[in-house]
1. Across the stretch 25-53, which residue is farthest from Q65 (Cα to Cα) among those that are outside any loop (DSSP other than H, G, I, E, B) and within 16 Å of the ligand (Cβ to nearest atom)?
2. When T4 is evaluated against the numbered criteria (1) farther than 18 Å from S105 by Cα; (2) at pLDDT 95 or above; (3) hydroxyl-bearing (S, T, Y), which criterion, by number, is the only one it fails?
3. Pairs needed: first member in the stretch 1-24, within 16 Å of the ligand (Cβ to nearest atom); second member anywhere, in a loop (DSSP other than H, G, I, E, B); C-beta distance under 6 Å; at least 6 residues apart or different chains.
4. Answer with yes or no whether L106 is in a helix (DSSP H, G or I) and modelled with pLDDT of 95 or more.
5. What pairs come up if the first residue lies in the stretch 80-96 and is touching a residue at least 60 places away in the same chain (Cβ under 8 Å) and assigned to a helix (DSSP H, G or I), the second is surrounded by 14 or more Cβ atoms within 10 Å (Cβ to Cβ) and hydroxyl-bearing (S, T, Y), and their beta carbons are under 9 Å apart, counting only those six or more places apart or on different chains?
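The values are calculated or read from the model by the stated rules, or taken from the named source; none is laboratory data. The shown structure was predicted, so the numbers you read here are calculated from the model rather than taken from an experiment. Don't worry about glycine lacking a Cβ; one is built from the backbone with ideal geometry, like all the others, and counts go over all protein chains shown.
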Amino acid sequence: MAMTGLELARIWSEAPALLPHSAGCACAGHVGLHLDPAAVEADVLDYLSERYSSGVHPELVALLQARRDERGITFASWLTSLDAVRLPEAARGILLADLGVTIASLASKGSR
Ligand SMILES: [Zn+2]
């Protein structure tokens, strides 16, 4: 089931494991449950770049590389922008579905 970029951005932004530690945090002091969002984003981009590197979706490899080279917009903003970025609809669907699976599995961590 493919989600929109906007939905992915919301899941990413609200994932307990990606929020900074705070008083009353659900981790109950187990700060090791927190993940570094920048490191997680890099892992996600690496994983998907590898997945698309067979050459079937060069436009997705290029899009992920452009995100790597980009500074100044958050990953959540980038995810939101995927709804409007110029891509063949089939490629957009694949990217959003893969990001959805990856981000949903992240979001489920930390709610343990
Ligand atoms: Zn915490």
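1. Here the residue is V31.
2. Failed condition: (1).
3. P16/A26; P16/G110; P16/S111; A17/L35; A17/K109; A17/G110; L18/L35; H21/H34
4. no
5. Between residues of the stretch 80-96 that are touching a residue at least 60 places away in the same chain (Cβ under 8 Å) and assigned to a helix (DSSP H, G or I) and residues that are surrounded by 14 or more Cβ atoms within 10 Å (Cβ to Cβ) and hydroxyl-bearing (S, T, Y), the close pairs are T80/T4; L96/T4.
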